Amino acid sequence: MKQNEVFSILESKKWVCSKDEVGDRFCLFTIDEIIVHIIPVLNKRNDYVRISFMPSVSTKEFSKAISFIDGGKQGNYSILSENKIPEKKTEVTLEDIIRLSDDAIIWAKSQDINNELLKLTKLPTNSPGSMPLHHLAALAITGNLTKLEVYSTSFANGERLGFVPYITLEMISRAIFLARNKYSK
């Protein structure tokens, strides 16, 4: 089976497949507020094929919060990813693709999103990569104005609290705006 066939099968199962900014293909499946994200990969070896879908889960609210805090950059941002070892197959079948697709959906539905958001609110400010942005979004979604306002005051006074350089006072202000709007209703 070729990579393009995998995407055709997934699209027939109601996954929405697309390419990211560097041309890598991915697929999304939405169940109410939950977004399941997969990156189907087939790696052909000499005598077998390694197949992985690398599922992750998010919510519409979380992705919108990150997009807003980050200044409007649209995307699907994961709350949690499954770290599963790729399967080795001598041949990849239609049944394998459907099973992996179903497994990704079952895994995503079984996750405690609220607990994962709570974990993100507790991240240290010196977390690497995109985690500080996820931290701000989780604080905004959960309405943690106290912590966000401490961050804002510290940034205004020149203290970055160990945040990575791309986190700005404007981002923190947008997170505060979201938290206030969510909980003022």
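Conditions (1) among the β-branched types (Val, Ile, Thr); (2) farther than 26 Å from residue 141 by Cβ, marked per residue:
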| position | (1), (2) |
| --- | --- |
| 2 | no, yes |
| 6 | yes, yes |
| 17 | no, yes |
| 29 | no, no |
| 38 | yes, no |
| 63 | no, no |
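For residue 159, are the conditions met, namely being farther than 30 Å from residue 6 by Cα, charged (D, E, K, R), in a loop (DSSP other than H, G, I, E, B) and outside the structural domain of residue 10 (by TED's automatic domain parsing)? Here the answer is yes, as residue 159 does meet what is asked. Among what's in segment 91-128 and is more than 22 Å from residue 139 (Cα to Cα) and assigned to a loop (DSSP other than H, G, I, E, B), pick the residue that is nearest to the chain's Cα centre (by Cα). The extreme case among them is 110. Here residue 139 passes the criteria (1) in the same structural domain as residue 19 (by TED's automatic domain parsing); (2) surrounded by 17 or more Cβ atoms within 10 Å (Cβ to Cβ); (3) more than 21 Å from residue 4 (Cβ to Cβ) except the one numbered (1).
For segment 162-185, a residue qualifies if it is part of a helix (DSSP H, G or I) and buried (at least 17 other Cβ atoms within 10 Å of the Cβ), and the qualifying residues are 171, 172, 174, 175, 176, 178, 179. Residues that are closer than 21 Å to residue 17 by Cβ, of a type in the set (Lys, Arg), surrounded by fewer than 17 Cβ atoms within 10 Å (Cβ to Cβ) and modelled with pLDDT of 95 or more: does segment 71-85 have at least one? No, because not a single residue in segment 71-85 is closer than 21 Å to residue 17 by Cβ, of a type in the set (Lys, Arg), surrounded by fewer than 17 Cβ atoms within 10 Å (Cβ to Cβ) and modelled with pLDDT of 95 or more. Taking the criterion of being touching a residue at least 24 places away in the same chain (Cβ under 8 Å) and either more than 29 Å from residue 141 (Cβ to Cβ) or among the hydroxyl-bearing types (Ser, Thr, Tyr) (or both), the residues of segment 46-60 that qualify are 47, 48, 49, 50, 51, 52, 56, 58, 59.
The values are calculated or read from the model by the stated rules, or taken from the named source; none is laboratory data. Here the structure is a predicted model, which is why all the values come from computation and not from measurement. We place every Cβ from the backbone using ideal geometry, glycine too, and count neighbours over all the protein chains shown.
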